[in-house]
1. Give a quick list of trypsin sites (Lys or Arg not before Pro) in region 37-141 that DSSP marks as loop, anything other than H, G, I, E or B, with at most 16 other Cβ atoms within 10 Å.
2. Between the alpha-carbon centers of region 101-128 and region 40-77, tell me the distance in whole angstrom.
3. Is any helix in the chain, taking whole DSSP H runs, at least 20 angstrom long along its axis by alpha carbon and on average at least -1.0 on the Kyte-Doolittle scale, and which ones?
4. When the dipole is taken about the Cα centre of the chain, and only Lys, Arg (+1) and Asp, Glu (-1) are charged at their Cβ, what size is it in debye, to the nearest 20?
5. Who wins for biggest fluctuation among Thr62, Thr122, Thr110 in a Gaussian network model of the chain, springs between alpha carbons below 10 Å?
6. Which pairs break 25 Å Cα to Cα here: Lys4/Lys40; Lys64/Lys151; Lys40/Lys151; Lys4/Lys89; Lys52/Lys151; Lys26/Lys105?
7. Can you give the Rg to Rh ratio of region 1-127, both from alpha-carbon atoms, with Rh computed by the Kirkwood formula?
8. Collect residues whose amide H, placed 1.01 Å from N in the peptide plane, falls under 5 Å from the amide H of Phe157; neighbours closer than 5 in sequence don't count.
Amino acid sequence: MILKLFEYFARFPERAGVISAFANGKSDLPFYNELLGRVKMLPDNSLMPDIKHYVFGADMDTVKRRVDSVTGTYLFIDFGEIDSERNDKNSIQDSLRMAATIASKVSDVTDIVERAIISDITLTLINELRARIYTDSSRDKTPWLQELSFKHSITPFVVPELSSVGWSVVFTSEGSDILNLKSMIKSFTK
């Protein structure tokens, strides 16, 4: 699920800004080199060319290092808790919380009017991203997006530690056994 998120959202920023997220350039970890190869094959024109960089992850220290290395506008994808519930019919219902943030780096001397302009620009961009996600969720080529809840929130993203101003949209992906727990259970009982 995490790599699906990574690859899906990698289509939105400039390709060079996504490739730069692969700071090591190669790895012995499974899928790293394959994922990098797929990112390099993305079209030159990104879906949202105003987004220059890509930040991905849930570890704030790693996210901070990445944000510190970029300038301008970036897309930050954060994933959170996974809740799972098994009901009396032995059905498993999972929900994964995730956030997509579009923010811009600001300096200490950025005044309130500049911050308001950045906030307005990034709000427009996050709304475009939201529209693209919902459009994709109705298409067969991205079935996991069909599990996104239509209930979500859009919140300001003002994080002094990241020197950033922008907006986040927080989604929940809800579905039956998203992580294929039943298949794992069956494999252990054979």
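1. Working: sites: Arg38, Lys40, Lys52, Lys64, Arg65, Arg66, Arg86, Lys89, Arg97, Lys105, Arg115, Arg130, Arg132, Arg139, Lys141; in loops: Lys52, Lys89, Arg139, Lys141.
Here the trypsin sites (Lys or Arg not before Pro) that fit, given the DSSP loop and packing criteria, are Lys89, Arg139, Lys141.
2. What the calculation gives is 15 Å, centre to centre.
3. Numbers: long enough: 112-137 (37 Å, 0.39).
Long hydrophobic helices here: 112-137.
4. Numbers: 23 positive and 26 negative charges, 132 e Å.
Result for the chain is approximately 640 debye, rounded to the nearest 20.
5. Thr110
6. In this structure, Lys64/Lys151; Lys40/Lys151; Lys4/Lys89; Lys52/Lys151; Lys26/Lys105 exceed 25 Å between Cα atoms.
7. Details: Rg = 17.0 Å, Rh = 16.3 Å.
Using only Cα positions, Rg/Rh for region 1-127 is 1.04.
8. Gly166, Trp167, Ser168
Any read-out appearing in this document is the output of simple, stated calculations on the displayed coordinates, not a laboratory observation. Note that the structure is a prediction, hence the values are computed from the model and not measured. For neighbour counting, all protein chains shown are included, and Cβ atoms are generated from backbone atoms with ideal geometry for every residue, glycine included.
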